[in-house]
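We did not get these values from a lab; they are worked out from the coordinates using the rules stated. These figures come from a predicted structure and were not determined experimentally. All Cβ positions, glycine included, derive from the backbone under ideal geometry; neighbour counts span all protein chains shown.
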């Protein structure tokens, strides 16, 4: 790292000039390369990345590029490093930064909005109107700026949440997933205790949506899916009832459990036409549907059913309004055990294998975490 004026470092955390980082070549091509260690600017810190979780969006970016945008276009062959669900240790402070100290463990949010546009002023920085314009101050590490499949990254102080000593590195990487669920349910949805919630799809966001909803006091919390092992994890995280949609009619069961009226909230985490249709049919009049998955193709939905029943339909993309910090507070207080969705761990040097486990769901992988604690192994893999 170049020692710029005003940047604070510590001999306890020596920082090299260069680091190992995975960079995206052509679609589905990653290379381990040397890159300069970035230098934090004002309101920024340098984070030594200790662990990073693999998200389904990482797989989409590596395969097709979208939703990442580098220099106004697809991220291929631009020396771009993906990965966004990471945690680590603060090892350098930008000029005048005193909100964090060197040596503190932190988990990070993806997005730092421009701070100037209408959406950022509303706290909706994931919907920043200057999205993808770093010259305007916007950053989304792993989407529009370099991310976490590396040894170091620069983060804005607004994206950080302190990690308690009682929390493992792997669990701390899951805070963004929990924060995304929190943002959809509470900040955008307005969920309060006593309201009913259905979660469709027991993937990482779906399972932690169950946990967050239960921790907030939703009742009943219902989870639907097709994999019994994942449904069982959902029950451990707080689901009052699980429904295997291959064995039961999910809409009928939800109606029965809610006195015939349907659920107040449905969080749709599968992203298929059939499950979105289920969500519409199991939501009560005036209820809300949160779309938490990205459909891969056009979806036809029953707009008449939404309009006639005053059902609100909204989407989320990542976290917002500091929901990640609230999710961290719940996890730190052990209100739920997010580590139940962490199934596999690999070293950073073996990222391609980790990605394959996540993509192919080998051994029913749910959340695969890559650790960077052994820097020597990374250096060897790059040789």
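Structure values in brief
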quantity	calculated
The chain: relative contact order in percent, alpha carbon pairs under 8 Å with at least 6 residues between	16 percent
Angle in degrees between helix 273-282 and the longest Cα principal axis of the chain, rounded to the nearest 10	50 degrees
Footprinting exposure proxy for 195, 297, 319 (fewest neighbouring C-beta atoms within 10 Å first)	297, 195, 319
Calculated diffusion of segment 234-296, Stokes-Einstein form, Kirkwood radius summed over Cα pairs, 4 °C and 1.567 mPa s, µm²/s	106 µm²/s
Calculated Rg and Dmax of segment 177-315 using C-alpha coordinates, Å	13.2, 37
The chain: equivalent-ellipsoid semi-axes (sqrt of 5 x gyration tensor eigenvalues, Cα, Å)	36, 21, 20
Value of relative contact order over segment 177-315, rounded to a whole percent, pairs C-alpha under 8 Å and six or more apart	21 percent
Cβ-based exposure ranking for 346, 149, in which fewest neighbours within 10 Å come first	346, 149
Separation between Cα centres of segment 242-269 and segment 176-198, rounded to whole Å	18 Å
Highest to lowest packing among 158-170, 26-38, 182-194, scored as the average C-beta count within 10 Å	182-194, 158-170, 26-38
Solvent-free Debye scattering, log10 I(q)/I(0), computed from the Cα coordinates of segment 270-340 at q = 0.11, 0.15, 0.19, 0.20 Å⁻¹	-0.40, -0.67, -0.86, -0.90
Fewest-first sequence of 118, 133 by Cβ atoms within 10 Å of each Cβ	118, 133
Alpha-carbon Debye profile of segment 1-149, log10 I(q)/I(0) at 0.11, 0.17 Å⁻¹	-0.43, -1.05
Packing-based order for 138-144, 13-19, using average beta carbon neighbours within 10 Å, highest first	138-144, 13-19
CD proxy at 222 nm, helix term only [per DSSP H run n ≥ 4: -39500 (n - 2.57); per residue of the chain; nearest 500]	-7000 deg cm²/dmol
